[in-house]
Amino acid sequence: MAKRIVKVIDLVPGRAVELPSIGNEKLEHEKFWHDFVCPQQPIVIRNAVSNWPALSKWGTKGYLEALTNHQVGVSDTFNASPAGLWHQNLPKYRLDEAITCLRNAAPDETFAIRSLPIPPEWKADIGGYDFLSANRDLPPRAYARDRLFIYRNASTEWHYHTTDETLTTQILASKRISMFKLSKENWQAYAGPIRSNLHHMNDRARFFPADQALTKFEATLEPGDVLYIPPFWWHGVDPADTEFGITLAHCFRTPLNRIGSLSDPAVKDVIRAQGSLMLALRMRAFVALGSLSRIVNP
């Protein structure tokens, strides 16, 4: 019997409003940087990469399969967060075989190839971003520069990024995205239940505030669209259809003075985080440098 397709967005209650969007032709380098990156405001850039060869080539059966012999882990469920050992221990398949499996999967089956570096053979089909100048597109501090998510019916669990800016680029199929930024007033009310997976419980409503005061910004990404995701913005992702899909996450470095606000509950959460000592020390160093940068360059 096929597993139930899990959708995550509507499991967290809130009032949905439309996520702002702008046409690629209206977004110049400095406008994107000053209007959205510096104030950390998400934005959907429509038709931002419509000229990438990947949009027309990667949907053709056999094209990607003929370009690669890499090995990947394949999951038959949605993308949980964090991935941890579960992701590392997934069964391995040749990438061409895995893609064939996903292309031929039934509409009610779920598969995911999570966080795949772009195979060198595929890079010729990937272009750049007109709205992001090269001097701003600096290597990220923590996340990989580029990660592909190849899927069929696979949602991505609610999570946020502790540093680095992300451009989520839809290449094949459509995705529904929902985002919110928590304040010190509602951090505990939402972060705790989500991290404990209480939103997956049948009686999940009782774990969240009854007034549903949370505002969720939502949009559907079509092929060629790009979503800018700042650090500390919670987001969940559901496929908007049952097609074979590919998404690219491109990361670049966050300006230091954007991650040093000690009044932000997410920043405090990073400082208190348990886990890898090296990661904890690195994040605390980023926050300290960010705080200093805010003093010098507010």
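Values in this text are rule-based calculations from the coordinates and carry no lab data. Quantities reported herein were computed from a predicted structural model and do not represent experimental measurements. No Cβ is skipped: glycine too gets one built from the backbone with ideal geometry, and neighbour counts run over all protein chains shown.
Some notes on this structure:
- Each Lys and Arg contributes +1 and each Asp and Glu -1, all at the Cβ; summed about the Cα centre of region 1-50, the dipole is approximately 440 debye.
- Going from the fewest other Cβ atoms within 10 Å to the most, the residues S21, S75 appear in the order S21, S75.
- Backbone phi angles across region 240-248, fed through the Karplus curve with coefficients 6.51, -1.76 and 1.60 (θ = phi - 60°), yield HN-Hα couplings of 8, 8, 10, 7, 5, x, 9, 10, 10 Hz in residue order; Gly and Pro are listed as x.
- Net +/- balance of residues flanking I126 in space, Cβ distance below 13 Å, scoring K and R +1, D and E -1: +1
- Legend: ranking of residues T163, T169 from fewest to most surrounding C-beta atoms inside 10 Å; resulting order T163, T169.
- Evaluated over the Cα positions of region 9-254, the convex hull gives a direction-averaged projected area, one quarter of its surface, of 13.2 nm².
- Stokes-Einstein translational diffusion, region 1-149 - Kirkwood Rh over all Cα pairs, 1.567 mPa s, 4 °C, in µm²/s: 70
- Pairs from K61/K123; K57/K181; K123/K181; K26/K184; K31/K181; K26/K61 whose Cα-Cα separation, in the structure shown, is over 28 Å: K57/K181; K123/K181; K26/K184; K26/K61
- As a proxy for reagent exposure, ranking D96, D203 by other Cβ atoms within 10 Å from fewest up yields D203, D96.
- Amide H contacts of N47 (H built 1.01 Å from N, in plane; Pro and chain starts excluded): D225, V226 sit under 5 Å, all sequence-distant by 5 or more or on other chains.
- Within the shell defined by Cβ-Cβ distances under 13 Å, the residues around E97 carry a net charge of +1, with Lys and Arg each +1 and Asp and Glu each -1.
- Rule-of-thumb Rg ratio for region 52-129 [Cα; 2.2 N^0.38 Å; N residues]: 1.16
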